[in-house]
Amino acid sequence: YLLLVANFVMFVFELSNGEAFIFEWSFVPARFTADPVGQLPSLFTSMFMHAGWLHILGNMLYLWIFGDNIEDRLGHFRFLAFYLICGLLATFAHMVFNLGSEIPSLGASGAIAGVLGAYMVMFPGARVRVLFGLLVIPLPAIIVIGFWIIIQIFYGVGSLGSTAEAQVAYMAHIGGFFAGLILAMVF
């Protein structure tokens, strides 16, 4: 619940402080590679920022649905550590594929992708309710999350070699997901 609140508080703060605040506290790969020590705070602040209402609502919905089960399994403090490590590894995955990028990267998506990866390891047989048209149907979580990661990989690989910079940090999603898969076994 505190992660949900922290994300919403930061989002409101972000909205009230505008573009300069967003650029200052987001993770910018080129800026980080030029000054890693000076840009260290952006590794964490960027995890609690979002690009708009759909971005934060989508991320927080996924955190709400899947995060509580992982937290129950790991405990509060280990879950927080797990979440932050997944977010950091997701950010570094994004950076590796976008070293010279001046585009700010922000959002909890990488950390939440880690939660999804952990869910696949810890609850492979669980079912989740999914809105399918006008119906809510239960589906195996492995299908729902598996479909999500396949889409991320498809678009992530498709964005490699593109001259246009992506608006979505697919490599952060992919990196976070695989970090979560591995760290779920470690934690």
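Brief remarks follow.
- Amide H partners (placed H, <5 Å) of VAL128, local residues excluded: LEU139, ALA141
- Hydrodynamic radius (Kirkwood) for the chain, which is based on Cα pairs only, to one decimal in Å: 16.8 Å
- For region 112-160, the fraction of alpha-carbon pairs in successive 5 Å shells from zero, as %: 5, 20, 23, 22, 16, 10, 4, 0
- Loop-resident chymotrypsin sites (Phe, Trp or Tyr not before Pro) (DSSP state other than H, G, I, E or B) in region 1-61 with no more than 13 further Cβ atoms inside 10 Å of their Cβ: TYR1.
- Distance in nm between pseudo-label sites at LEU57 and VAL5 (7 Å out along the Cβ direction from Cα): 2.3 nm
- Note, ³J(HN,Hα) from phi for region 82-98, Karplus 6.51, -1.76, 1.60, rounded to Hz, x at Gly and Pro: 4, 4, 5, 5, 4, x, 5, 5, 5, 4, 5, 4, 4, 4, 4, 8, 9
- Straightening the chain between PHE132 and LEU15 buys 38.9 nm, computed as 0.36 nm per residue apart minus the Cα-Cα spacing.
- Between the residues LEU106, ILE149, ALA126, the greatest Cα displacement towards the positive end of the dipole of region 65-187, with unit charges on the Cβ of Lys, Arg, Asp and Glu, is found for ALA126.
- Residue-wise HN-Hα coupling along region 122-134, computed from phi with Karplus coefficients 6.51, -1.76, 1.60 (Hz; x: Gly, Pro): 7, 9, x, x, 5, 10, 10, 7, 10, 6, 10, x, 9
- Label point distance in nm, VAL168-ILE182, each placed 7 Å from Cα along Cα→Cβ: 2.4 nm
- Cα-based helix-to-principal-axis angle, 141-159 vs the chain, degrees rounded to 10: 30 degrees
- Computed from phi, the 3J(HN,Hα) profile of region 32-38 under the Karplus parametrisation 6.51, -1.76, 1.60 (θ = phi - 60°) reads 5, 5, 6, 8, x, 5, x Hz, with x in place of Gly and Pro.
- Semi-axis lengths, Å, region 10-52, gyration tensor of Cα atoms, sqrt of 5 times eigenvalues: 20, 9, 8
- The mean accessible area for residues of region 29-182, using a 1.4 Å probe and ignoring ligands and nucleic acids, is 52 Å² per residue.
- Taking the chain and dividing mean pair separation by its residue count, relative contact order in percent (alpha carbons under 8 Å, at least six apart): 26 percent
The values are calculated or read from the model by the stated rules, or taken from the named source; none is laboratory data. The structure presented is a predicted model; accordingly, all values stated were derived computationally and were not measured. Backbone-built Cβ (ideal geometry, glycine too); neighbour counts: all protein chains shown. Protein only, heavy atoms only, side chains kept; ligands, DNA and RNA dropped before computing areas. Shrake-Rupley method; radii C 1.70, N 1.55, O 1.52, S 1.80 Å.
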